[in-house]
Amino acid sequence: MSVLPLVFTSGWASGINAYAVVLLLGLFGATGVSDEVPEALQRPEALCAAAVLFLCEAVADKIPYVDSVWDVAHTVIRPVSGAVVGALLAGQSGSLPDLAAGALGGSTALVSHLVKAGTRMAVNTSPEPASNIVLSLLEDLGVAGLLAFALFHPELAAALAALLLLTGIGLVFLLFSRIRRFWRRRAERRAARAAGVGRPAPW
């Protein structure tokens, strides 16, 4: 069976939370839940590193504005992780060239990451922090649920991931005005800080 649907789903999930993907796939493989997981993801050091980084992301992802800074820092990490996981999955199954799988996983992760980052910028225009926490929890549950589903029903999971990706792209376009407001507020804060630093002392 082609590993293409699993690569696509793991790429979508990597764009949202790359560390959760590595951790979950590694655990699924190490516990014998799936034979599709390559040995490299099951190694104890890989699981420990992914677990620590996942906990860091779980905290940063729920704090307004910190989540957007975290997203910017992961603009390269998430697509690269999606590409590496895709290539490893393809190498494990042998049904798809590693390079093609890496390109698919990386590009899907990049689009998914941009959708997540854009949505978070729009949410950060809201003054209350609850929306960040709820959205982060939904993302984590969605990644875990869809990734587990993909191991047993890869085609259906890939279809759901594609639907979520297209819905997210449409949502970002609808929230474009809020995203612009986020960048405007950020520029105003920087300008205010710069003015405060350059202001002479009152005495």
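The values are calculated or read from the model by the stated rules, or taken from the named source; none is laboratory data. Predicted model only: the values in this text are computed from it and were never measured. Neighbour counts run over all protein chains shown; Cβ positions are idealised from the backbone, glycine included. Just the protein is used for accessible areas: all its heavy atoms, side chains included, with ligands, DNA and RNA removed. Shrake-Rupley method; radii C 1.70, N 1.55, O 1.52, S 1.80 Å.
Data for the structure
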read-out: Of all residues in the stretch 113-169 being under 15 Å from Ile16 (Cα atoms) and of a type in the set (Ser, Thr, Tyr), the one that is farthest from the chain's Cα centre (by Cα); value: Thr167
read-out: Within the stretch 26-46, considering residues that are aliphatic (A, V, I, L, M) and open to solvent by 30 Å² or more (accessible area, probe 1.4 Å), the one modelled with the lowest pLDDT; value: Val33
read-out: Unmet requirement for Val72, which otherwise passes all of (1) at pLDDT below 95; (2) surrounded by 16 or more Cβ atoms within 10 Å (Cβ to Cβ); value: (2)
read-out: Residues being in contact (Cβ under 8 Å) with a residue 40 or more places away in the chain, open to solvent by 40 Å² or more (accessible area, probe 1.4 Å) and of a type in the set (A, V, I, L, M) - total across the stretch 105-136; value: 4
read-out: Residue within the stretch 172-186 that is among the aliphatic types (A, V, I, L, M), at pLDDT 75 or above and open to solvent by less than 70 Å² (accessible area, probe 1.4 Å) present; value: yes
read-out: Boolean, Pro79 is surrounded by 22 or more Cβ atoms within 10 Å (Cβ to Cβ) and not aromatic (Phe, Trp, Tyr); value: yes
read-out: Breaking point among (1) assigned to a helix (DSSP H, G or I); (2) without any contact (Cβ under 8 Å) to a residue 24 or more places away in the chain, for Gly32; value: (1)
read-out: Qualifying positions in the stretch 138-171 - hydrophobic (A, V, I, L, M, F, W, C), surrounded by 11 or more Cβ atoms within 10 Å (Cβ to Cβ) and under 13 Å from Lys116 (Cα atoms); value: Val143, Leu164, Leu165, Leu166, Ile169, Leu171
read-out: Residue within the stretch 47-63 that is under 26 Å from Leu160 (Cβ atoms), modelled with pLDDT under 90 and either touching a His at 6+ places or on another chain (Cβ under 7 Å) or open to solvent by less than 30 Å² (accessible area, probe 1.4 Å) (or both) present; value: no
read-out: Residues (open to solvent by 20 Å² or more (accessible area, probe 1.4 Å) and among the aliphatic types (A, V, I, L, M)) located in the stretch 82-102; value: Ala83, Val84, Ala87, Leu88, Leu96, Leu99, Ala100
